[in-house]
Amino acid sequence: MNAVLRFLSSAGAAAAILLLPGLAAAAYPCNGSPGERRVGMAGGSHGVGPFPLCVAGPAPAPSAPRDAYAASVDTTSFYDAEMERMVRSIKAQHNAVVTEKARMAAIEEKMARDPAFKRMYLGGWEVFRVDPKARPGKTCTAAWKKQGQLVSISGPSPQHDGGMLTFWGADIPQPADIQTITVTMKQSRYPAQTVKAVNYSMPGLRFGAIALTVPDIDKAIDTMLDVEHFELLIDGRTVSNIGWNGGHDAREKLRQCVHAG
């Protein structure tokens, strides 16, 4: 400290302090006193390193804008508005994640205590005969159910040697009477097809059905993939979007049913 005081008494120190206009008389080496405010640096010569200079008292008020344009720009409010928008976006994303996690937790909890719900949610096959009293080999059906949708391959019937590819779902139209419509069907490995189909609904059920004819049930069975996906569109609008897995096992069971006679 003695070295600093000796330096302040020198001409070099006086010159350094005078570089701070209007503060020369009040500036002193910062010492940590309450209320002091740092205003610059001094030193750097006569064998003494640079050190901070302070003055006592609060900081002066900011100077007025230099022109009218500067006075009209409120950068603080713009920054605050942008920050507010960003915060709202982050909160919305967070809430969406929390909601989705809660939904998935509820689904997982229900699957753990309800095997039927688990099967419906994850998807599962049922191979059966619609009419057990029909001749063996008739009315065989392989149906895949998942999350409120169903797709089935069935046949032959007592009146028809071919089969049907049928889709069920809440987004499929539910006409009062059976009608013929035009649909576009997309599949995993096959080109999209625009074909005629039958559209109908069943009393008491809250979904409609679209059935496409299958001329040869054996060929239909042969083309069943282990993993398959279908999308049905009416006038460009998707009305069914469903995929299955485990198709090979269902295919062989359906084949056994069809050839049981």
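Within the stretch 218-230, identify whether any single residue is in a strand (DSSP E or B) and surrounded by fewer than 17 Cβ atoms within 10 Å (Cβ to Cβ), and answer yes or no. Looking for residues that are in a strand (DSSP E or B) and surrounded by fewer than 17 Cβ atoms within 10 Å (Cβ to Cβ), one finds at least one in the stretch 218-230, hence yes. Ile210 meets all of the listed conditions (1) among the aliphatic types (A, V, I, L, M); (2) surrounded by 13 or more Cβ atoms within 10 Å (Cβ to Cβ); (3) more than 19 Å from Val130 (Cα to Cα) but one, namely (3).
Among the residues of the stretch 231-261, count how many are part of a loop (DSSP other than H, G, I, E, B), over 21 Å from Thr139 (Cα atoms) and touching a residue at least 60 places away in the same chain (Cβ under 8 Å). Residues meeting the conditions: 2. Residues that are in a strand (DSSP E or B), among the polar types (S, T, N, Q) and at pLDDT below 90 are absent from the stretch 125-145.
The values are calculated or read from the model by the stated rules, or taken from the named source; none is laboratory data. Please read these numbers as outputs of a predicted model, since none were measured by experiment. FYI the Cβ positions are ideal-geometry reconstructions off the backbone, even for glycines, and counts take in every protein chain you see.
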